[in-house]
Amino acid sequence: MRPSPRAISFQSCLVYMAEKFPKTVCDDEDVARIIFSPSYIYKGRVAPTAFRWEILPSGHAEDYISVLRGDTSELGNQTESFRPRTKGDTCYGYALLRVGNVRGIAFDDIDCTTDVQSFPSKTHPNHAGIVAEIGKERVTALTPVSPEMMMVQKELASLCGEIKKFK
């Protein structure tokens, strides 16, 4: 029996996505952090608040900060369904971070590691996340805010390029 054209198309799509977004996120990749305005912007730059772990509407505590991989020309369409978590915000644009720079975050007096890992979903196969460990403990939305956590957020914000506004 011959497979349906839909099955072939779906299988081709899965192969294409697996090739386009391999499980390993490379150091030379840029990832995009979606920027909501005004809460993620301070004096025209990305604010540290853009890198906070949050409790999702489902009640799940984030254990990574969402970023997107790949072609930035498609981000505007992809983010149409994104809803701000802060009242009064709008989906404004994005800022790029180089993965190798995120992984290179280091402090002399803080035991901290950061990484970017692939977390694809059916709707966003290019979804990834910035994960952090402070003192060997993975940071989540339930982690009490600490000076160390705030330093990681500030460093991530400083690694961002200019904010590119969606059209």
Helix 147-159 vs. the chain, principal-axis angle (Cα, 0 to 90°, nearest 10): 60 degrees
Nearby aspartates and glutamates by direct alpha-carbon distance to Lys43 (threshold 14 angstrom, same-chain neighbours under 8 apart not counted): Glu162
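When the accessible area of the chain is split by element with a 1.4 Å probe, what percent falls to carbon and sulfur?
Carbon and sulfur atoms account for 55 percent of the accessible area of the chain.
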Region 37-134 shape via C-alpha gyration tensor axes, a/c threshold 1.5: rounded
0 to 90° range, to nearest 10: angle between helix 5-20 axis and the chain longest Cα axis: 30 degrees
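With a 1.4 Å probe and every protein chain left in place, work out the accessible area per residue of the chain in Å², rounded to a whole number.
With the other protein chains kept in place, the chain gives 61 Å² per residue.
The values are calculated or read from the model by the stated rules, or taken from the named source; none is laboratory data. Fair warning: this is a prediction, and the values are worked out from it, not measured in the lab. Surface accessibility is based on the protein's heavy atoms, side chains included, excluding ligands, DNA and RNA. Shrake-Rupley method; radii C 1.70, N 1.55, O 1.52, S 1.80 Å.
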